[in-house]
Amino acid sequence: MYSIYRTSHKKMQKLTEFTQGSWIELTAPSLEECTAVAEEYDIDITDLRAALDDEESSRISMEDNYTLILVDIPSAEIRNNRNSYTTIPLGILLHPDAIITVCAEDTSILKRFTDQRVRDFSTKKQMRFLYQILYNTSMLYQALLRSIDRKRTEIEERINQEDTEDADLVDLHELESNLVYFATSLRANGVVIDRLTRYGRLKMYEEDQELLEDVVIENRQAIEMTGIYRDIINGTRELLSTVINNRLNNAMKYLAAITIVMSIPTIVSGLWGMNVFVPMAEIQHGFAIIVISTLIMCIAALVVLHRRKML
């Protein structure tokens with residue numbers, strides 16, 4: 001589907017026809033819808049549908065009458081029965097008559113514009129609109145990175161509470177996978193943003209230059225946050241693996257100690273159960289003496305094992 005918007009006197013209007021100075025939002029568009037937009041603005045339909053391919057990388061492509069900008073944005077998904085994140089392409093086409101956005105799914109980044117929650121937003125000021133999209137993309141990355149770190153903290157707290165499960169290792173792996181996707185996409189977006197600093201095809205206002213500088217700073221900060229959180233998650237995963245192995249070793253040590261203690265009555269009963277002459281066979285209370293002696297040896301073994309911290 002596609003929607004057409006145009007701002008006038010700081011108010012958003014939703015239109016039914018293509019108009020100069022408008023914003024055309026394509027969300028999971030059909031081939032027919034893409035064809036209609038491509039023919040209206042004389043755009044190569046391959047460029048228009050580039051953002052619908054998940055394998056497309058971030059880039060800038062300058063044509064005679066329009067510019068294609070592809071960036072990666074965060075997207076939620078279910079992976080291994082867990083809520084995870086990945087990245088998908090967002091296409092932004094700058095045309096003298098309109099700005100066109102193409103995405104395979106509805107995204108909260110563009111929803112902020114349709115809900116008029118972005119200050120100084122105008123569909124006619126294309127470069128500012130582009131920078132605002134990139135700025136909100138960087139801020140969304142940072143918000144999701146903080147959410148990932150909170151999930152890591154919850155897992156770390158369970159380690160301290162001795163409530164760790166093997167599933168926590170899988171959760172940490174998923175969090176690390178999210179960061180890998182984010183790191184790759186943020187670096188690619190950084191290359192696009194760097195090229196935009198030298199982009200001079202469209203008019204740029206003074207405040208647009210300040211906004212572009214903010215975009216550069218926030219994207220770099222998101223890249224740094226991703227690297228820091230990846231290192232922390234690696235440390236947490238190693239700690240969790242060590243704790244699980246240590247608990248397993250303690251359990252095996254405890255079982256070994258119990259086996260040693262239980263082997264004492266087994267040995268005694270085996271010796272006195274043979275069909276040969278054994279001591280105290282003729283004594284009236286011989287069985288009681290053997291049982292008590294065995295019990296004393298077991299208690300002595302327990303004391304020795306306890307002092308050696310095997311129990």
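The values are calculated or read from the model by the stated rules, or taken from the named source; none is laboratory data. Since this is a predicted model, take the numbers as computed values, not measurements. Glycine gets a Cβ as well: all are built from the backbone with ideal geometry, and neighbour counts include every protein chain shown. In case anyone asks, the SASA skips ligands and DNA or RNA and just uses the protein heavy atoms, side chains included. Shrake-Rupley method; radii C 1.70, N 1.55, O 1.52, S 1.80 Å.
Here are some notes:
- Qualifying aspartates and glutamates (Cα of each under 14 Å from Cα of K124; at least 8 residues distant if same chain): D97, D208
- Here the chain is assigned +1 on the Cβ of each Lys and Arg and -1 on the Cβ of each Asp and Glu. Its dipole about the Cα centre then comes out at about 1420 debye.
- Förster-model FRET efficiency, 41 Å R0, S177 and T266, C-beta, rounded to 0.05: 0.20
- If R0 is 45 Å, the Cβ-Cβ spacing of S61 and K11 corresponds to a FRET efficiency of close to 0.85.
- Straight-distance crosslink candidates among lysines, where the alpha carbon sits under 27 Å from K309 and sequence neighbours closer than 8 are dropped: K253
- Other residues within the sphere of radius under 13 Å centred on the Cβ of M1, judged by their own Cβ, net out at -4 (K and R +1, D and E -1).
- Under 15 Å, Cβ to Cβ, from K253 - net charge with Lys/Arg +1 and Asp/Glu -1: +4
- Modelled label reach - M1, point 7 Å along Cα→Cβ, the stretch 9-25 residues with backbone N closer than 15 Å: 14-16, 25
- Value of [θ]222 nm, deg cm²/dmol, for the chain, DSSP H segments ≥ 4, -39500 (n - 2.57) each, nearest 500: -20000 deg cm²/dmol
- Computed with a 1.4 Å probe over protein heavy atoms only, the accessible area of K151 comes to about 70 Å².
- Using a Förster distance of 25 Å, the FRET efficiency for E39-R117 (Cβ separation, nearest 0.05): 0.15
- Under a 5 Å amide H cut-off, with hydrogens placed 1.01 Å from N, E63 pairs with L68 among residues at least 5 apart or on other chains.
- Gain on full extension, evaluated as 0.36 nm per residue between I299 and T27 minus their Cα-Cα distance, stands at 90.4 nm.
- For the pair the stretch 78-96 and the stretch 225-273, the centres of their Cα atoms are 43 angstrom apart.
- Projecting label points 7 angstrom from Cα along Cα→Cβ for I244 and R307 puts them 3.8 nm apart.
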